[in-house]
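Notes for the one structure printed next.
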2 protein chains.
Amino acid sequence: MDFFNVVTVQEALERIYEKFEGYELGYEECQLSQALGRVLYEDIIAMEDVPGFDRSTVDGYAIKSSDSHGSSDFMPSFLELAGSVRMGESTDLSIKSGQAAYVPTGGMLPEGADCVAMIEYVQKVGESMLTLHRPAAPLENVIRKGDDIQNGQNVLKRGKTLRPQEIGVLAALGKPSVKLFKKPRIYIISTGDEVVDAKGPVLQGQIRDINGYALEALAVESGCIVSGRALVRDSLEELRAELDRALEISDIVLISGGSSVGERDYTEKAMNSYEGEGTFIHGIAIKPGKPTIVGKARGKAVFGLPGHPVSAMIVFNAIVKKLIKRMSESEAAENFITAIMDMNVHSSPGRTTYQMVRLHEADGEIFASPEFGKSGMISLLSRADGYVEIPDYLRRH
Amino acid sequence: MDFFNVVTVQEALERIYEKFEGYELGYEECQLSQALGRVLYEDIIAMEDVPGFDRSTVDGYAIKSSDSHGSSDFMPSFLELAGSVRMGESTDLSIKSGQAAYVPTGGMLPEGADCVAMIEYVQKVGESMLTLHRPAAPLENVIRKGDDIQNGQNVLKRGKTLRPQEIGVLAALGKPSVKLFKKPRIYIISTGDEVVDAKGPVLQGQIRDINGYALEALAVESGCIVSGRALVRDSLEELRAELDRALEISDIVLISGGSSVGERDYTEKAMNSYEGEGTFIHGIAIKPGKPTIVGKARGKAVFGLPGHPVSAMIVFNAIVKKLIKRMSESEAAENFITAIMDMNVHSSPGRTTYQMVRLHEADGEIFASPEFGKSGMISLLSRADGYVEIPDYLRRH
């Protein structure tokens with residue numbers, strides 16, 4: 001890896017976006033119950049008003065507001081009870097001046113009425129007469145037709161990640177299914193003669209495959225489908241054969257491992273063994289995670305991630321995840337928190353540095369304490385609540 | 001609903017926790033690949049050291065650090081090459097003073113060596129002689145046995161929600177499966193004569209069932225299984241029959257709807273029709289969401305949520321979700337962000353108020369703007385990035 005080929009995180013992202021510009025994940029039609037956390041493929045245009053009629057927000061009496069003006073406990077207005085609106089049904093009632101109709105919460109406002117007087121301020125006098133003890137303003141206690149969503153409105157946009165409230169909006173609009181971006185398919189290959197699966201025993205000199213499981217979890221968390229997972233020894237033939245299988249059924253392939261020079265060579269050679277693009281990033285100015293290579297093979301994105309679990313996971317978050325979101329045009333924001341670093345930490349010269357931190361609260365402020373540990377320590381990540389990204393240049397805070 | 005029976009959010013939570021103290025969700029054994037986002041039922045005790053041997057973090061030469069002292073380009077140390085460590089294998093090599101052995105990144109440190117000199121600072125001189133041009137300190141470029149995780153250490157605690165990094169830790173420890181709290185089973189019942197399913201047509205006076213879908217999404221997001229969903233008309237018999245079915249197969253039942261007085265009565269009557277506890281909370285000082293009732297039937301938690309989608313969702317987050325977490329002893333933190341309100345907003349007197357806000361950035365600061373809308377507007381929630389909780393008393397900021 002040539003030091004002079006190392007690019008910044010921003011440059012890396014720009015090159016990657018450019019190479020996969022227009023990559024089509026395609027869409028699938030999904031039931032609303034399965035759509036949580038997925039990304040909309042289509043703009044959602046309301047085909048109706050929500051609500052579809054003027055609705056009362058209280059139990060009360062629909063009236064003409066002008067009939068209530070000046071009414072008080074000392075001078076109540078007298079109104080004739082013209083009928084009742086039944087819940088969930090349309091009403092033929094029409095309110096004229098001097099009349100009122102009972103409406104339950106959520107019930108339809110009858111024609112002629114422009115507000116609802118709360119039941120608390122009305123007294124029944126005999127069978128069909130009411131006294132009203134407070135004035136009501138026009139539209140008081142009423143949600144009008146289309147107040148929530150208007151017919152023709154572009155309510156949700158392509159690229160929107162669906163939270164429970166968007167699921168609610170789609171239900172309100174009567175969309176039992178929606179077009180969603182297909183989940184990106186990620187194939188995860190761990191390499192290394194020393195790596196064995198977590199399920200088996202571990203001999204002296206061997207370590208368990210952490211990256212396979214951790215990257216799988218990150219991929220799922222990022223909204224992907226894991227199309228396959230494999231553990232490959234340090235052999236160009238084996239790696240090439242696995243990559244063949246992976247490219248067939250995936251949008252993105254992650255090859256992790258290869259921290260020693262020989263191993264890195266295999267990864268790069270395998271990525272360059274296809275006609276066309278091959279590798280186009282050879283090292284990223286990121287700490288941890290510098291020995292990251294990125295290429296294009298058979299039109300798919302292939303990442304050569306560092307073998308150290310912490311580095312692999314950081315590069316996933318800083319680089320791979322961004323491509324995943326880009327592919328589905330998702331603008332979902334990252335979760336972040338504002339905290340005060342309780343110790344000075346600086347970036348490695350020339351490298352965007354990711355410092356693990358732990359959060360704690362004191363005097364109503366949130367503080368972040370750096371968690372230090374040697375490269376590759378998985379327990380370090382688990383102890384941390386998150387990380388701080390320190391840019392590779394000085395920035396005023 | 002008697003105003004004097006209304007309890008604060010904190011009181012409501014305390015009563016609910018007390019009523020369901022010791023409720024047993026039970027556990028299930030799960031494959032590591034399926035464990036993301038789930039809650040650990042067991043403490044995880046390391047049964048081995050990670051790594052299981054002293055490991056090199058670089059490509060280089062394992063030496064005794066004392067042999068390197070004082071070495072420089074002008075005065076290199078001369079060392080005899082005693083052999084090579086092969087990746088993924090144990091080594092019988094033993095390093096004596098004056099000797100060195102090649103070790104790849106991740107390779108096992110041979111006996112006798114206490115550090116690794118990076119390949120960059122070593123030159124080969126003939127077949128079996130090296131010159132070393134820099135001193136190396138003890139333990140330099142070495143991760144020691146147990147440095148990451150120590151045998152016997154309680155690495156993860158019961159109640160921990162598993163993020164990708166914890167999945168990595170479990171893989172490192174060779175745990176292909178773990179005991180997890182069973183997902184709480186939630187049954188969601190929407191009530192109301194005016195409510196129709198999102199799939200069907202909507203007539204004048206009717207509205208679509210938003211709560212069923214939105215609460216389902218919230219439940220799934222909170223780590224639950226939705227054991228069933230139903231739409232019930234305003235009838236005590238129908239509601240009672242549905243509640244019977246729900247209690248059979250669920251840990252928590254949500255009944256939403258019932259904003260009008262009559263509807264609320266049905267919900268409360270149905271909840272109180274079982275022997276034993278019945279309702280124990282009749283209104284919560286929360287805005288929106290005051291007309292919330294909570295009860296216990298057949299040992300299960302039953303919530304009567306407001307019919308307005310926004311209110312129902314807020315009460316879910318403020319109350320129901322807390323019980324869900326409590327049941328699995330989860331201490332996972334809520335996502336929050338520190339922002340500056342760009343407008344003064346105060347709580348409703350005596351009620352914890354949830355104000356929807358939208359976030360925006362200006363001059364490097366994050367600001368929150370309140371999003372206003374009438375009660376029950378689902379589009380309001382969708383426009384918002386989140387909400388601010390305003391306590392029901394004055395608090396200094």
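The values are calculated or read from the model by the stated rules, or taken from the named source; none is laboratory data. Being a predicted model, the structure only gives us computed values, none of them experimental. Ideal geometry is used to build each Cβ from the backbone, glycine not excepted, and the neighbour counts take in all protein chains shown. The area values use the complete protein model at the heavy-atom level, side chains included, leaving out ligands, DNA and RNA. Shrake-Rupley method; radii C 1.70, N 1.55, O 1.52, S 1.80 Å.
Residues to consider are A:284, A:340, A:314, A:366; find the one that is touching a helix residue (DSSP H, G or I) at 6+ places or on another chain (Cβ under 6 Å), farther than 21 Å from residue A:245 by Cβ and in contact (Cβ under 8 Å) with a residue 24 or more places away in the chain.
A:284
Residue-wise test of (1) of a type outside the set (A, V, I, L, M); (2) in the same structural domain as residue A:189 (by TED's automatic domain parsing).
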site	(1), (2)
A:264	yes, yes
A:269	yes, yes
A:280	yes, yes
A:288	yes, yes
A:293	no, yes
A:363	yes, no
A:371	yes, no
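Kindly indicate whether any position in segment A:8-27 is surrounded by fewer than 17 Cβ atoms within 10 Å (Cβ to Cβ) and within 30 Å of residue B:378 (Cα to Cα).
Yes; the residues of segment A:8-27 include at least one that is surrounded by fewer than 17 Cβ atoms within 10 Å (Cβ to Cβ) and within 30 Å of residue B:378 (Cα to Cα).
Of the residues A:38, A:55, which single one is among the basic types (Lys, Arg) and more than 26 Å from residue A:146 (Cβ to Cβ)?
A:38
Inspect segment B:291-298 for any residue being modelled with pLDDT under 95 and in contact with a Gly (Cβ under 6 Å, 6 or more places away or on another chain) and give the result as yes or no.
Within segment B:291-298, one or more residues are modelled with pLDDT under 95 and in contact with a Gly (Cβ under 6 Å, 6 or more places away or on another chain).
So, residue B:186, is that one at pLDDT 95 or above and over 24 Å from residue B:58 (Cβ atoms) or not?
Considered against the rule, which asks whether it is at pLDDT 95 or above and over 24 Å from residue B:58 (Cβ atoms), residue B:186 comes out as yes.
What's the total number of residues in segment A:266-281 that are touching a residue at least 40 places away in the same chain (Cβ under 8 Å) and open to solvent by less than 20 Å² (accessible area, probe 1.4 Å)?
Qualifying residue count for the region: 2.
What number goes with the only condition from (1) away from chain A (no Cβ under 11 Å); (2) without any contact (Cβ under 8 Å) to a residue 24 or more places away in the chain that residue B:221 does not pass?
Residue B:221 satisfies every listed condition except (1).
Taking segment B:111-126 as the search range and keeping residues that are charged (D, E, K, R) and under 22 Å from residue B:74 (Cα atoms), which one is surrounded by the most Cβ atoms within 10 Å (Cβ to Cβ)? Spell out the reasoning first.
Going residue by residue through segment B:111-126, those that are charged (D, E, K, R) are B:111, B:114, B:120, B:124.
From what is left, the residues that are under 22 Å from residue B:74 (Cα atoms) are B:120, B:124.
Details: B:120: 11, B:124: 13.
Looking at residues that are charged (D, E, K, R) and under 22 Å from residue B:74 (Cα atoms), I get B:124.
When the residues of segment A:94-114 are filtered to those that are assigned to a loop (DSSP other than H, G, I, E, B), more than 13 Å from every other protein chain (Cβ to nearest Cβ) and in contact with a Gly (Cβ under 8 Å, 6 or more places away or on another chain), which remaining residue is farthest from residue A:61 (Cα to Cα)?
Applying the filter and picking the extreme gives A:96.
Residues that are at pLDDT 85 or above, at negative phi, touching a His at 6+ places or on another chain (Cβ under 6 Å) and not assigned by TED's automatic domain parsing to the domain that holds residue A:292: does segment A:333-353 have at least one?
no
Residues in segment B:246-269 that are of a type outside the set (D, E, K, R) and modelled with pLDDT of 95 or more: how many?
Within segment B:246-269, residues that are of a type outside the set (D, E, K, R) and modelled with pLDDT of 95 or more number 8.
Go through segment A:357-372 and report how many residues are closer than 23 Å to residue A:9 by Cα and modelled with pLDDT under 85.
Counting residues in segment A:357-372 that are closer than 23 Å to residue A:9 by Cα and modelled with pLDDT under 85 gives 1.
For segment B:167-208, what are the residues that are under 30 Å from residue A:317 (Cβ atoms), at the interface with another protein chain (Cβ under 7 Å from one of its Cβ atoms) and crowded, with 24+ Cβ neighbours inside 10 Å?
Those that are under 30 Å from residue A:317 (Cβ atoms), at the interface with another protein chain (Cβ under 7 Å from one of its Cβ atoms) and crowded, with 24+ Cβ neighbours inside 10 Å: B:167, B:168, B:169, B:171, B:172.
Scan segment A:224-247 for residues that are closer than 28 Å to residue A:36 by Cα, open to solvent by 50 Å² or more (accessible area, probe 1.4 Å) and away from every other protein chain (no Cβ under 12 Å) and report the count.
The qualifying residues number 1.
Consider residue B:354 carefully, then state whether it is touching a residue at least 60 places away in the same chain (Cβ under 8 Å), within 30 Å of residue B:162 (Cβ to Cβ), within 11 Å of chain A (Cβ to nearest Cβ) and among the aromatic types (Phe, Trp, Tyr).
When the stated conditions are applied, residue B:354 does not pass them.
Is one or more of the residues making up segment B:144-165 without any contact (Cβ under 8 Å) to a residue 40 or more places away in the chain and under 41 Å from the mean Cα position of the chain (by Cα)?
Yes, segment B:144-165 has at least one match.
Within segment B:144-166, which residues are more than 10 Å from chain A (Cβ to nearest Cβ) and open to solvent by less than 10 Å² (accessible area, probe 1.4 Å)?
B:146, B:159
May I ask you to list the residues in segment B:357-394 that are away from every other protein chain (no Cβ under 14 Å) and open to solvent by 20 Å² or more (accessible area, probe 1.4 Å)?
B:362, B:369, B:388, B:389, B:390, B:392, B:393, B:394
Is it the case that residue A:314 is open to solvent by 10 Å² or more (accessible area, probe 1.4 Å), within 14 Å of another protein chain (Cβ to nearest Cβ) and among the β-branched types (Val, Ile, Thr)? Working first, answer last.
Values: open to solvent by 10 Å² or more (accessible area, probe 1.4 Å): no; within 14 Å of another protein chain (Cβ to nearest Cβ): yes; among the β-branched types (Val, Ile, Thr): yes.
No; evaluated as a whole, the condition is false for this residue.
Say we look at segment B:65-107 and pick out the residues that are open to solvent by 30 Å² or more (accessible area, probe 1.4 Å) and of a type in the set (A, V, I, L, M, F, W, C); which of these is nearest to the chain's Cα centre (by Cα)?
It comes out as B:93.
Looking at this structure, is residue A:117 in contact (Cβ under 8 Å) with a residue 24 or more places away in the chain, in contact with a strand residue (DSSP E or B) (Cβ under 8 Å, 6 or more places away or on another chain) and not in a loop (DSSP other than H, G, I, E, B)? If you could, list the steps in order and put the result at the bottom.
Values: in contact (Cβ under 8 Å) with a residue 24 or more places away in the chain: yes; in contact with a strand residue (DSSP E or B) (Cβ under 8 Å, 6 or more places away or on another chain): yes; not in a loop (DSSP other than H, G, I, E, B): yes.
Against the criterion (in contact (Cβ under 8 Å) with a residue 24 or more places away in the chain, in contact with a strand residue (DSSP E or B) (Cβ under 8 Å, 6 or more places away or on another chain) and not in a loop (DSSP other than H, G, I, E, B)), residue A:117 qualifies.
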